[in-house]
Structure formats: structure tokens, C-alpha cells
1. How far is helix 203-289 tilted off the main Cα axis of the chain, in degrees rounded to 10, range 0 to 90?
2. Given a cut-off of under 8 Å on Cα pairs at least six residues apart, what relative contact order in percent is computed for the chain?
3. Provide, as a two-decimal number, the C-alpha radius of gyration of the stretch 144-269 over 2.2 N^0.38 Å, N being how many residues it has.
4. Between the stretch 181-239 and the stretch 1-46, what is the C-alpha centre distance in whole Å?
5. When DSSP beta bridges are limited to those with both residues in the stretch 1-124, what percentage is antiparallel, rounded to the nearest 5?
6. Note down the Stokes-Einstein diffusion coefficient of the stretch 205-284 in µm²/s, whole number, using a Kirkwood radius over alpha carbon pairs, 20 °C, and 1.002 mPa s.
7. Count the DSSP beta bridges whose two residues both fall in the chain, then state the antiparallel fraction as a percent rounded to the nearest 5.
8. For a bin width of 5 Å, list the pair-distance distribution of the chain built from all Cα-Cα distances, rounded to whole %.
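Any read-out appearing in this document is the output of simple, stated calculations on the displayed coordinates, not a laboratory observation. Quick caveat: nothing in here was measured; it's all calculated off a predicted structure.
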Amino acid sequence: MGTIDKGVVDITNCFAVPFQEDHVTNSWFFDTTYIQKMYSMQRKITVKEVIVGWYSAYPGASINPVDLRIQQMVQQYCPKPTFLVVDVEPKGEFPTKAYISSVSDKDDGTELSFSFQHLACEMGAQEAEEIGVEHLLRDVFDTQMTPLRGKIDQRSKAFASYNQNLIEIRQYLRDVIDRKLPLNQHILSLIQEIFNLTPHTNDILTKGILANTNDSTAVLLTSHILRVLLSLAAVIDNKIELQRKAEKDAIEEEEKKIKAQKEKEEKEKKEQEEKEKLEGKKEEGTTDKK
């Protein structure tokens, strides 16, 4: 659910729909009554949001043959539904891919064919959502994640996604060469535009990038070595402090034992003296009687 403005689909909300599929009989069930009930309840909360499409989410999500039939059925709720594929376990690549259905004529013009057309998509958040996420991340912030490391991680994920897109482009071109897919001039022009926008590097630029990368890596290595040394120093100080505390506790325990022994000896000595006094008094009393 979301809004559509000037050809841009803004997805801001969603809800799951009961769905069952039997791969043996190639049959499936999509609860449309549930969609109507959920949509009527959502309209009571946000009037601006309308149904703009549907999504499929599971590990390693991709397009399935039944998705095109579901896409045609969802058209009764919106004219041009957006199909969003969400990979819940992404491996370094962008987790979502968006598609719309397109109708094309065959070469002989006898039949219409339906297919999915890829759409560019991006993930974002409203200001209120960003503030809320920032407050939540304060409790789970990784102290070992430096700004430089975060940038390197972002670049790594971007290059992984770029590599995956290049693999898909190569596979598409191979399928066109092998006549498995029809030639599409629009797709070829987009691929040509992608390669035209790729920056051309020379030796001077490459050396400059390598020098900058080496400097950043040296700073990163130095900071990690310093952090390790500080951690080792803290561990050593902690062990020395624990050892001193253990020795102090042992001395205090020994002093307590010595003190308890002295008190015991003094108590026994007093009891012995009192006993001797009592015996002396008894002897004096016996002598007086005689």
C-alpha cells in the first residue's frame, strides 16, 4: 500500500495475505476476501494509502511462473500493480527488486504475451522513521564499527550488487545470442548507456586512487594496532588489579585467623585463671572449717 505521484510509486505500508501453492498439481490459492477486509480497515486509518501492488518475500526470492497469474489477478485492485520481490536473507546485494507487467506482440502478431519489466527501486525513510531508528540503534551500536569501516562495508555491498547486475546483463546477452530470448532494442540501448556512463580510468587516476586507498588502509591498520595494544594494556592492568586484590584478601583472611587464634588463647587463659581462683577459694574454705 502507498501512493502514486507522477509515475513514482511510494510504498509505505503492507500486510500479508494467506497464500497456498501446490507444485504437484500446479494449483494455488489467493485469499481475495482477506484483501478486501484488510484494505477496508487500512482505509479507516490512512485514507491516502491505496493498493499499489503486491510482494513476495522469502530467502533467495525470485520470479516464479505463478507470479504472472497473480499479477493479472491483482489488476482488479489497481490498474498497474507493482510486483516487489524481497529477499529476506540478502548476501551483500540489494534485497528488493521491483517489476511491472507488460504486454507485447509476438513477431507473427497472432498472440499477446505478458512478461515482467524491471523497475528501478530504492529504499528510504521519512524523517520521523529515521529519528526512531537512530534512537533504537543507540542500544545496539557496534563500538568497533569506525566511520571508515562503515564506508568500506557500504562500498563492498555496492560492488557486490553491481557485479550481480553485470552477471544478469551477461546472461541476458547470451540468451539473445542463443535465440532463447527475443531481441529488445530498448534493453540494448539501456545497456549501452550503462557502459557509456562507466568512468574511464588512466594510469594517473589509478595511481592516485591506489595511493589514497593505501593511505586510508595504513590509517585503519594503525588504529587497529593501537586499539589492540590498548586492549592488551587494559587486560594486563585488570589481571594485576585482580592479583593485588587476591593477595590483599589472602592477607586479610590470614590476619583474621591470627586474631581469632589470639582471642581464643586469651579466652582459654582467662578461663584457666578463673578456674584456678575458684580452686584456691575452695581450698581456703576447707582450711577454715578445719
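1. 30
2. Working: 189 pairs, mean separation 23.9, N = 290.
This gives 8 percent for the chain.
3. Working: Rg = 34.2 Å, N = 126, 2.2 N^0.38 = 13.8 Å.
Ratio of Cα Rg to 2.2 N^0.38 Å: 2.48.
4. Here the answer is 41 Å between Cα centres.
5. Working: 22 of 28 bridges.
Antiparallel bridges: around 80 percent, rounded to the nearest 5.
6. Details: Rh = 19.3 Å.
Here the translational diffusion coefficient equals 111 µm²/s.
7. Numbers: 22 of 28 bridges.
Here the antiparallel bridges make up roughly 80 percent for the chain.
8. All Cα pairs, binned at 5 Å, distribute as 1, 4, 5, 8, 9, 10, 9, 8, 7, 5, 4, 4, 3, 3, 2, 2, 2, 2, 2, 2, 2, 2, 2, 1, 1, 1, 0, 0, 0, 0, 0 percent.
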